[in-house]
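These notes concern the structure reproduced below.
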Amino acid sequence: MIKLAFLFLVFVSNLYAGTIDPVVSDKKYIEYGSKFECVGIISGVYNNDQQFMASGVAIDNHHVLTAAHVVKNSVSCRFITSDGREICLNKVIYHKDFIEKNYGFFDIAICFSEEPINLNSYPDLYTNNDEVEKICSIAGYGFYGTFETGAINIDNKKRAGLNIIDSIDNHLLVCTPSYPDDAKKTKLEFIIATGDSGGGLFIGEKLAGINSCIMAKDKKPNSSYTDESGHTRISQFVDWIIIHKSK
């Protein structure tokens, strides 16, 4: 029997992930997640016959962006929309400079579908270099829990929340969970989790990041209060995306 392997955001086998504010109802995150029609599930099989599941963002009727570590070494891949339709991804291209051990660099891939995805709308790409201190929305299909427990459960439901982009590290936009008394805390504080890889970070209506990894100073990357989430910075890869959309 083939085992299902959820994508580990820091590419290690002992990672739990993904969390929400412990004082806010999980239902609010699920409700907010429903607003991001462009974020769907990426599912497929690797060349070792292992199945995988993560997230992806449809950017037009035939193209989906995701993290390179999600689709590298895949032999088949599909995009599952919010309403359950399964779209075959006929071509997958990950950045040529992506290396798994180099966290934070070039973790982006673009997938092509011959079949139209047929969503109601698609996000524009964020092209400005002013992301730091911007309020952002983050969405994906990952494990869930709170900032206190870490991410400990999975139910294949899309969740989304808010955060403020704190900094830029290599090719990553970096977000951290705010403590209850933090003046910068948003009303729906959220960071990513295992399975959220490849989902989207949005500034306004524009796609500004692709969910990539969790970084932990305590060496326990469980998306708790002390962890940071990293999102591949779209503004650095706009030209790469445009070039590969035309191939």
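Values in this text are rule-based calculations from the coordinates and carry no lab data. What you are looking at is a predicted structure, and each value in this text was computed from that prediction instead of being measured. Cβ placement follows ideal geometry from the backbone for every residue including glycine, while neighbour counts extend to all protein chains displayed.
In the range 52-146, what GluC sites (Glu not before Pro) fall in a loop by DSSP, with at most 10 other Cβ atoms inside 10 Å?
Listed in order of number, the matching sites are Glu114, Glu133.
Kirkwood hydrodynamic radius for the range 81-130: how many Å is it when counted over pairs of different Cα atoms?
Result for the range 81-130 stands at 13.8 Å.
Between Thr226 and Lys206, what is 0.36 nm times their sequence separation minus the Cα-Cα distance? Round to one decimal in nm.
4.4 nm
Return the tail of the calculated pair distribution for the range 185-247, meaning the percent of Cα-Cα pairs more than 21 Å apart.
Percentage above 21 Å: 33.
What number in nm² do you get for the range 117-247 if you take the convex hull of its Cα atoms and divide its surface by four?
If you wrap the Cα atoms of the range 117-247 in a convex hull and average its projections, you get 8.9 nm².
Ranking Lys134, Lys184, Lys27 by Cβ neighbours within 10 Å, fewest first, what do you get?
Ascending Cβ contact count within 10 Å gives the list Lys27, Lys184, Lys134.
Run the numbers for Lys185 and Phe112: contour at 0.36 nm per residue of separation, minus the present Cα-Cα distance, in nm.
22.5 nm
From the square roots a ≥ b ≥ c of the eigenvalues of the alpha-carbon gyration tensor of the range 36-98, which class results: rounded (a/c under 1.5), prolate (a/b over b/c), or oblate?
oblate
For the range 32-186, how big is Rg over Rh, using alpha carbon atoms and the Kirkwood form of Rh?
Checking Rg against Rh, the ratio lands at 0.96.
Quickly work out the Ser121-to-Ile242 label distance, labels modelled 7 Å from Cα along the C-beta direction, and quote it in nm with one decimal.
2.3
Over 29 Å between Cα atoms: which of Lys158/Lys206; Lys184/Lys219; Lys27/Lys245; Lys158/Lys184; Lys35/Lys217; Lys96/Lys187 fall into that group?
With Cα atoms farther than 29 Å apart: Lys27/Lys245; Lys35/Lys217; Lys96/Lys187.
If you average 1/r over all unlike Cα pairs in the range 140-212 and invert the result, what Kirkwood radius do you get in angstrom?
13.0
Any chance you could run the full-extension gain for Lys96 through Lys217? It's 0.36 nm times the residue separation minus the Cα-Cα distance, nm to one decimal.
Between Lys96 and Lys217, full extension yields 40.7 nm more.
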